[in-house]
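Please read the structure below before turning to the comments.
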Number of protein chains: 2
Amino acid sequence: MSTAAETTGGDIEPWEEVTPDAARRLLVAAVEAFAERGYHATTTRDIAGRAGMSPAALYIHYKTKEELLHRISRIGHDRALGILRTAARGEGSATERLADAVSSFVRWHAGRRTTARVVQYELDALGPEARAEIVALRRQCDAEVRGIIEEGMASGEFEVRDVQGTTLAVLSLCIDVARWFNVNGPRTPDEVGALYADLVLRMVGAEDAGAAQR
Amino acid sequence: MSTAAETTGGDIEPWEEVTPDAARRLLVAAVEAFAERGYHATTTRDIAGRAGMSPAALYIHYKTKEELLHRISRIGHDRALGILRTAARGEGSATERLADAVSSFVRWHAGRRTTARVVQYELDALGPEARAEIVALRRQCDAEVRGIIEEGMASGEFEVRDVQGTTLAVLSLCIDVARWFNVNGPRTPDEVGALYADLVLRMVGAEDAGAAQR
DNA sequence: GCCGAAGGTGAGCGAGCGCTTAGAGCGCCC
DNA sequence: GGGCGCTCTAAGCGCTCGCTCACCTTCGGC
């Protein structure tokens, strides 16, 4: 899985669930603009311009600018949760599953950095009801990671003092990748994913911390 | 140092270097507003209102709204760098100094969360020259932490595969505390600081990871 | 070939933005 | 005690924002 032939260059997104085509183009344009300048600093004219349309076209497909952010956030969180869930419910020891979860989650935050940035840092721009929906998805992400750590504790693979605090730290470490990762920097998403998987296994006291990279 | 009697409740800030009094009140109001809603979503009317003044009063003490952010960011980064530098250049083994650096850095991000949030997440709102100045301070923060890890490697206390990558991860972990920490949550800044110091010592392969908490 | 729905445009509305200006209040030194 | 400098306010300027509206084009079904 760590050698998956995904196209990370240019940050191409699989937004195929968004139809029609014009709505998808607007959404992709919004992701880029929100990631670059933030939700509040992005204008509807900028989004429409990037999609090659007039400002009014946006309102044929979306009721408000906030609905665009909501759709992006919803799809992004579904994707992030799916990644963690796949890893958590896979086969193998807790050590292997935690390494898989961290490396794939980090790879997503690095490779799909623009999406991840919007998903992780623009939550406060949503209204109360939309935010509540997204917060529920985040809690499920937390539960997936906590589940792996608890299983590792039960099997004797891991040893941590504070399961919830460590879970928070692991997720926090992965999420912050979206803040600092540079596509033109020295590291590929795969490399960061492997490094972080190793660091996290050390954090939970897994004995064969170096084994997962092989 | 981990039992320092600092006032974390209410997030009281030591902005005594900002004079006169009205300028300080405006700056504190701006920190709160920026932390709550973000720089772009905050209006000058909101800042002035929180400080109990009219919108025009802001422009007596600051040329623009951006200058306010710049001053906040500058002072905040100076403070953050000071914390890391004090820990890095203190006495004791690399293990002790790294634990000290992480716990005090985390304590600052949790206890002074509003300031830290502005400092760490509103960098992009600055203009090019102001941003360049701040980025230089960040690089110094990185150098301080990397220095401790390198010394720990040289003395045999630590064992990491990628010093720069691990440095980045350690700083990233600490910084992200400002995103998720909740003043009304179950953990105090001291507790998070102690937990994170332990986690970081595990990350760098320090043998007595549990010792620093005593 | 005509029609209605779907998708698009240009112009522009009301509101709120960052910021400016004219002038008022007030303490302080000569 | 009068002039001056510092601080602050009320009013508002010019601009851009999110969003709307009247109208235009394209195209499949009959």
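Taken about its Cα centre, chain B carries a charge dipole of about 740 debye when Lys and Arg each add +1 at the Cβ and Asp and Glu each add -1 at the Cβ. Using a 1.4 Å probe over protein heavy atoms, the accessible area lost on pairing B with A, summed over both chains, comes to approximately 2800 Å².
The GNM of chain A, with springs linking C-alpha atoms under 10 angstrom apart, assigns the highest mean-square fluctuation among A:ASP100, A:ASP198, A:ASP162 to A:ASP162.
Prolate is the label for chain A. Its Cα gyration tensor axes, ordered a ≥ b ≥ c, give a/c of at least 1.5 and a/b above b/c.
For segment A:35-46, 3J(HN,Hα) computed residue by residue from phi via the Karplus equation (6.51, -1.76, 1.60; θ = phi - 60°) reads 5, 6, 10, x, 4, 5, 8, 9, 9, 5, 5, 5 Hz, glycine and proline entered as x. Taking every protein chain into account, the accessible area of the protein assembly as shown amounts to 44 square angstrom per residue (probe 1.4 Å). Leaving out ligands, DNA and RNA, and with a 1.4 Å probe, what % of the accessible surface on segment A:71-140 is carbon or sulfur? Answer for segment A:71-140: carbon and sulfur cover 47 percent of the accessible area. Remark: segment B:144-211 is approximated by an ellipsoid whose semi-axes, taken from the C-alpha gyration tensor as √(5λ), come to 25, 14, 8 Å, largest first.
For chain B, modelled as a GNM whose springs connect Cα atoms under 10 angstrom apart, the maximal fluctuation among B:GLY111, B:GLY92, B:GLY76 occurs at B:GLY92. Hey, how much of the P(r) for the protein assembly as shown falls beyond 28 Å, as a percent of Cα pairs? Percent of Cα pairs beyond 28 Å in the protein assembly as shown: 51.
The values are calculated or read from the model by the stated rules, or taken from the named source; none is laboratory data. Since we're looking at a predicted model, the values are computed, not measured. Neighbour counts are summed over all protein chains in view; Cβ atoms, including those assigned to glycine, are modelled from backbone coordinates with ideal geometry. Surface accessibility is based on the protein's heavy atoms, side chains included, excluding ligands, DNA and RNA. Shrake-Rupley method; radii C 1.70, N 1.55, O 1.52, S 1.80 Å.
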